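Inspection log for the structure reproduced underneath, given as structure tokens.
Values in this text are rule-based calculations from the coordinates and carry no lab data. For clarity, every value in this text was computed on a predicted model and none was experimentally measured. Please note: Cβ atoms are built from the backbone with ideal geometry, for glycine as well, and neighbour counts cover all protein chains shown.
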Amino acid sequence: MNMAQNPTALQDAIQKVASSLEERMGQLLSVPERTSSTVISMGTAPKPEGADSHVRGADTILEAMRYSALSGGKRLRPFLTACSASLFGVSWEAAIEAAAAIEFIHTYSLIHDDLPAMDNDDLRRGKPTLHKAFGEAAAILAGDGLLTYAFQILASPKIHPDAAVRCDLINALAVASGCWGMVGGQMMDLEAENETLSVDEIIRLQRLKTGELFAVSCEAGAILGKAPGMMRNLLRAYAHDMGLAFQITDDLLDVEGTRTETGKNVNKDKIAGKATLVSVMGVERAREHSQILIQQAISHLSVFDKKADNLRALAEFVISRKV
């Protein structure tokens with residue numbers, strides 16, 4: 001029985017990554033004892049010497065960062081990184097370190113998306129959003145803290161001894177999360193409220209807003225493994241198709257799901273006047289399109305044989321999920 005036919009095996013594999021990831025993120029976001037040294041340690045969040053007010057402020061932000069980063073979630077992006085890293089013999093420790101950096105980026109984006117200036121959400125993963133729990137200023141700063149910390153993590157030799165590899169990884173994540181990727185897609189999403197977009201425009205928006213971070217999550221393992229460009233491109237193609245199918249499923253859950261099932265508010269896109277593939281195509285056509293995308297995604301993995309079975313199973317999972 002392959003993993004696509006055995007959802008329990010997939011869930012176990014995802015949970016293994018999630019457990020290692022949350023342990024490492026907890027270490028990275030822990031509050032260390034103050035010492036006389038100001039050398040940055042990658043074991044815990046650095047806390048330089050300074051006035052008590054500065055230290056208290058840093059501790060507050062770390063608490064807010066922990067509130068969001070350690071609040072659970074699907075952890076699909078870290079799973080993609082771990083799976084792609086395993087294709088190229090990358091160590092588990094390096095894969096989890098890179099996955100933590102990417103998850104910090106993802107978490108920062110959720111914190112900022114939830115703010116009143118953007119999606120104005122008060123519920124995330126079944127509990128109050130960060131700005132509701134800590135205030136808007138702390139939410140903005142916690143998001144900023146997670147964003148910048150991600151690149152500090154990737155700059156460490158703990159990720160890879162070759163500085164060129166670290167720079168390649170930093171560049172890839174910066175492009176994927178910046179104005180030519182996730183941030184650009186979010187701006188397009190905000191500008192598109194109450195506008196009529198074509199299917200191609202919606203796909204472009206969602207590939208940037210959601211797909212680029214999925215793509216770099218897959219590509220990260222290939223970068224760490226110094227994989228050929230062709231294999232990096234195949235993984236990016238897989239992730240883009242899978243990411244778009246993931247977004248369609250999210251939009252379907254927004255239409256068909258409940259607040260209890262999803263752990264967040266529903267019907268947000270309709271209320272905000274946002275165009276989605278579901279609103280343009282209709283529920284059934286959008287669902288069919290997501291299934292086509294998943295088959296396309298899986299087809300990109302043929303070169304990896306059975307080593308990519310986790311990625312195949314994940315692709316099938318994303319369109320059947322209920323949260």
Item to complete: Return the distance in nm (one decimal) between the two label points of a simple spin-label model at residue 302 and residue 133, each offset 7 Å from Cα along Cα→Cβ.
Response: 4.6
Discussion item. Can you compute the charge dipole magnitude of region 124-201 about its Cα centre, using +1 on each Lys and Arg Cβ and -1 on each Asp and Glu Cβ, nothing else charged? Give it in debye, rounded to the nearest 20.
Written reply: 680
Response to the item:
Candidate cut points under GluC sites (Glu not before Pro) in region 137-241, DSSP loop plus at most 16 other Cβ atoms within 10 Å of their own Cβ, are 193, 195
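Quick one: compute the contact order of region 149-224, relative version, from alpha carbon pairs under 8 angstrom and 6+ residues apart, as a percent. Before the final figure, lay out the partial values.
Numbers: 61 pairs, mean separation 26.2, N = 76.
The normalised contact order for region 149-224 reaches 35 percent.
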Worksheet item: Roughly speaking, what is the stretch gain from residue 144 to residue 70, that is 0.36 nm per residue apart minus the C-alpha to C-alpha distance, in nm to one decimal?
Response: 25.0 nm
